[in-house]
1. Identify the single condition in (1) surrounded by fewer than 17 Cβ atoms within 10 Å (Cβ to Cβ); (2) part of a loop (DSSP other than H, G, I, E, B) that ALA176 does not satisfy, given that it satisfies every other one.
2. Here are some conditions: (1) surrounded by 13 or more Cβ atoms within 10 Å (Cβ to Cβ); (2) of a type outside the set (A, V, I, L, M); (3) not in a strand (DSSP E or B). HIS308 meets all but one. Which one does it not meet?
3. Would it be correct to say that ASP207 is in contact with a Lys or Arg (Cβ under 8 Å, 6 or more places away or on another chain) and charged (D, E, K, R)?
Amino acid sequence: MPDKVSDLWDENKNWDAQKITQIFDSAAQHSIMQVQIMQGEEEDRLCWKYTPSGVCSAKSAYKTIYNEMYPNQNQVWKARNDINFKTKIWEPQQVCNAAQAMAKTYESVHQMEEDSCQDFNRAEENNIRNSVVKIPAGTRVYVDASWKEEKTGVGIFIHNPSNHNAIVIKAQSLNAGTPLLAEAEGLFLAMQIARHLQLQDPIFLSDNSEIVNAVQNEDYIQNPGHWSLRPIISRIKNFLQDQQVRIIWISRELNKVADGLAKSARQAQTNSCLAFDCSNISHICSRDVCPTKRALSFTPNGAVNVTHALCF
């Protein structure tokens with residue numbers, strides 16, 4: 001057994017999948033591989049998962065405990081009142097069953113409220129920003145991710161408006177634990193592919209404002225946005241090596257191609273082999289290997305597996 005967590009890393013400070021497979025069972029392997037590794041030399045930091053900042057406050061702690069305990073307290077109080085005023089006797093199992101039913105109801109209502117708030121905020125965000133967002137000239141790299149039940153699909157659409165050359169890419173991952181991390185993994189993959197394609201000053205376009213703000217923020221260690229983004233943003237910053245990149249928020253309406261690719265990738269069966277096709281005339285007439293295929297073969301990202309690509 002390893003003495004330290006770092007004993008499970010390879011020389012590039014990524015998880016050593018072969019070593020982890022030899023030591024742990026499949027469930028533990030999956031849990032370990034989902035943990036993001038900080039690429040810098042910053043100290044480890046405890047984060048409170050119930051707040052976006054990762055900071056535990058008395059208010060958030062009280063709210064978390066209250067939400068977990070409230071259904072039980074309510075049913076115990078109801079059982080007590082029934083005994084005192086209605087001479088009705090509750091069995092302990094009845095109280096537990098009623099509490100569980102109320103907990104499920106409370107959870108579903110709470111989720112509906114959260115979804116409604118997110119939809120409202122997204123609509124407000126679109127109304128404010130749609131009128132001011134302008135995409136500058138250059139090769140555009142649209143990226144999106146689709147996440148469900150810990151399976152991630154990534155869609156990347158690369159388009160050069162000057163010559164109308166385009167590339168569509170689909171990828172899969174099982175290592176992103178949340179939709180937010182899936183979006184970040186997708187952006188990281190797009191940046192790696194853009195570098196190997198030797199795109200000159202590409203413009204990365206995402207409909208996730210939180211990811212865009214986190215990458216643009218120079219002080220990502222102290223203020224990464226959501227606390228869970230800290231490791232993946234450190235990997236992106238380490239990869240860029242102080243290189244300035246253009247990343248712009250766009251509305252979902254402008255990102256429909258990447259969104260469709262991401263959903264298709266997530267819904268497809270897990271595939272470890274790349275299905276590739278090139279119909280670009282300049283590439284077909286050349287004796288060299290298609291530059292897109294060459295770029296994808298050199299993309300070093302163990303967290304995401306590219307499954308389909310089309311160059312035209």
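1. Checking ALA176 against (1) surrounded by fewer than 17 Cβ atoms within 10 Å (Cβ to Cβ); (2) part of a loop (DSSP other than H, G, I, E, B), the one that fails is (1).
2. If we test HIS308 against (1) surrounded by 13 or more Cβ atoms within 10 Å (Cβ to Cβ); (2) of a type outside the set (A, V, I, L, M); (3) not in a strand (DSSP E or B), just (3) comes out false.
3. On the way: in contact with a Lys or Arg (Cβ under 8 Å, 6 or more places away or on another chain): yes; charged (D, E, K, R): yes.
Taking the combined requirement at face value, the residue satisfies it.
Computed from the coordinates by the stated procedures, all read-outs in this text should not be read as laboratory data. Predicted model only: the values in this text are computed from it and were never measured. Positions of Cβ are backbone-derived with ideal geometry, glycine not excepted, and every protein chain shown enters the neighbour counts.
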